[in-house]
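**Q** Below is the structure I would like to discuss, written out as structure tokens.
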Amino acid sequence: MVKKILAKGYVYLVLLFLYAPIAVLVIYSFTPSATMQWQGFSFALYQDLFNPSKSVAILDALKNTIIIATVSSVISTLIGVFASIGIYNMKRRSKEAMMTISKIPMMNAEIVTGVSLMLLFLLFGISFGMVTVIIAHIVFCTPYVILSIMPKLQQMDNNLYEAALDLGCTPMKALVKAVIPQILSGVVSGFFLAFTLSIDDFVVTIFNIQGINTLSTFIYADAAKNGLTPSLRALSTMILVSVLLLLIIVNILSHREKKSNSKAVTKIKASDKNKSKKVKGAKV
């Protein structure tokens with residue numbers, strides 16, 4: 001009994017340590033104080049956030065962040081899907097070698113990735129801006145997409161692809177009709193993971209950006225000047241709520257998918273039983 005209480009208390013302490021700062025941020029987003037002092041409940045920071053005259057720099061940084069995250073995550077997902085399928089169909093040794101190579105950007109320090117990409121762009125004379133940031137984000141997001149899709153490929157029924165080819169599908173059509181639906185949850189997870197990593201990244205971004213700001217670089221520069229702009233508390237709260245809603249939607253969809261799959265399996269088993277009973281009855 002004492003062990004259970006201590007174990008639960010330890011878990012609650014860890015959760016409190018992790019989420020208390022986020023709770024403080026959310027609470028103080030509803031007060032107009034520039035410092036962390038409660039001055040009454042108010043939506044003033046949210047109003048200031050959407051006031052172009054007061055928050056034009058924040059809104060520009062937010063727009064750039066969303067554009068970069070969307071483009072880089074879409075391209076990373078497309079590359080990751082075809083790379084995962086290619087790696088999956090390799091021989092064992094080649095597959096292991098490619099998986100090890102694909103994990104290097106994840107295991108490597110972000111500062112090394114950022115500096116390496118910066119030197120590469122300088123070597124080829126590419127001007128720093130949104131394009132270089134998108135390329136940099138694609139480079140470090142793609143391995144995470146591959147890591148999300150590979151387990152789904154390993155769980156896949158390979159006979160479906162071969163059956164699609166036997167039924168007259170072209171390889172591309174068989175890929176779209178037979179393979180993609182089986183790994184779709186991994187593709188969606190990889191996309192959202194890439195999107196989150198892109199929005200969150202600072203180290204790789206700061207080395208490959210010039211002339212524009214993302215949220216991470218704007219917050220860094222803002223904190224270095226005179227402390228954080230109060231409207232950032234409101235923006236951070238909105239991002240948190242959006243992520244929570246997204247997680248809830250994804251979990252609901254995955255739960256429904258599992259239910260539909262289990263129902264389909266149950267129907268198949270029931271039909272198999274009925275067929276076997278009919279066969280036995282015919283034999284008798």
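**Q** What pairs come up if the first residue lies in region 72-95 and is of a type in the set (Lys, Arg), the second is surrounded by fewer than 18 Cβ atoms within 10 Å (Cβ to Cβ), and their beta carbons are under 9 Å apart, counting only those six or more places apart or on different chains?
**A** LYS95/ASN89
**Q** Return the only residue of PHE41, PHE30 being hydrophobic (A, V, I, L, M, F, W, C), closer than 19 Å to ILE239 by Cβ and not in a helix (DSSP H, G or I).
**A** Numbers: PHE41 fails: closer than 19 Å to ILE239 by Cβ.
Only one candidate passes the filter, namely PHE30.
**Q** Sort out for me the helices (runs of 4 or more DSSP H) sitting completely within region 90-173 that have 1 or more residues that are of a type in the set (Phe, Trp, Tyr).
**A** Details: elements: 92-107, 110-123, 130-155, 158-166.
Here the list reads 110-123, 130-155, 158-166.
**Q** Do you know which residues across region 39-53 are touching a helix residue (DSSP H, G or I) at 6+ places or on another chain (Cβ under 6 Å), farther than 16 Å from LEU215 by Cα and not acidic (Asp, Glu)?
**A** Our first condition is that a residue be touching a helix residue (DSSP H, G or I) at 6+ places or on another chain (Cβ under 6 Å); within region 39-53, this holds for 45-46, 48-49.
Filter once more, keeping what is farther than 16 Å from LEU215 by Cα: 45-46, 48.
Hits for region 39-53 are LEU45, TYR46.
**Q** Mind listing whichever residues of region 212-233 are among the β-branched types (Val, Ile, Thr) and part of a helix (DSSP H, G or I)? Even if it seems obvious, please write down each step before you answer.
**A** The first filter runs over region 212-233 and keeps only residues among the β-branched types (Val, Ile, Thr), leaving 212, 214, 217, 219, 229.
Residues satisfying the conditions are THR217, ILE219.
**Q** Just give me the residues in region 74-127 being of a type in the set (Gly, Ala, Ser) and either farther than 26 Å from TYR161 by Cβ or open to solvent by 90 Å² or more (accessible area, probe 1.4 Å) (or both), in sequence order.
**A** Of region 74-127, the ones of a type in the set (Gly, Ala, Ser) are 76, 80, 83-84, 86, 94, 97, 102, 109, 114, 116, 125, 127.
Scanning region 74-127 gives ALA109, GLY114, SER116, GLY125, SER127.
**Q** Pick from region 234-258 the residues that are under 16 Å from LYS63 (Cα atoms) and either of a type outside the set (A, V, I, L, M, F, W, C) or not in a helix (DSSP H, G or I) (or both): which of them is farthest from the chain's Cα centre (by Cα)?
**A** Here the residue is SER236.
The values are calculated or read from the model by the stated rules, or taken from the named source; none is laboratory data. Predicted, not measured: the structure shown is a model, and the values here were computed from it. Because the Cβ atoms are built from the backbone with ideal geometry, glycine has one as well, and the counts that use them run over all protein chains shown. When the accessible area is computed, the model is the full protein with side chains, heavy atoms only, and any ligands, DNA or RNA have been set aside. Shrake-Rupley method; radii C 1.70, N 1.55, O 1.52, S 1.80 Å.
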